[in-house]
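Everything below concerns the one structure shown next.
Each reported figure results from applying straightforward, stated rules to the coordinates on display, with no laboratory input. If you're wondering where the values come from, they're calculated on a predicted model, not measured in any experiment. Using ideal geometry, Cβ is built from the backbone for each residue, glycine included, and neighbour counts are taken over all protein chains shown.
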Amino acid sequence: MKKPLWERVLTTADACPRVETTVRPSIRDRFWILELRCPFCSKVHTHGGGSIDHPPALGFRLSHCLSHARDYELVSSIEEVET
Ligand SMILES: [Zn+2]
């Protein structure tokens, strides 16, 4: 059965999934650490989020999977925004 166009567009967007990311300060509060459960390999990956003097830099990153690094977009989880 042929899929409707919108469904195919969604499938294309899934190639670069949005991933809920936990934001926490590093030791001595110098920079942000972005921590997430990878949608590709289901391991936990961390990325640097920039200086703590600025809002954490989320957005598009390359996953840290050893065998098949891919793009994903980091988005803040609502709980972390509240705290
Ligand atoms: Zn991964």
Gained length - residue 71 relative to residue 29, 0.36 nm times residue gap less alpha-carbon distance:
12.4 nm
Peptide ranges 55-61, 24-30 listed from the most packed, as the mean C-beta count within 10 angstrom indicates
55-61, 24-30
What's the local net charge at residue 48, with K and R +1, D and E -1, over the other residues with C-beta under 13 Å away?
+2
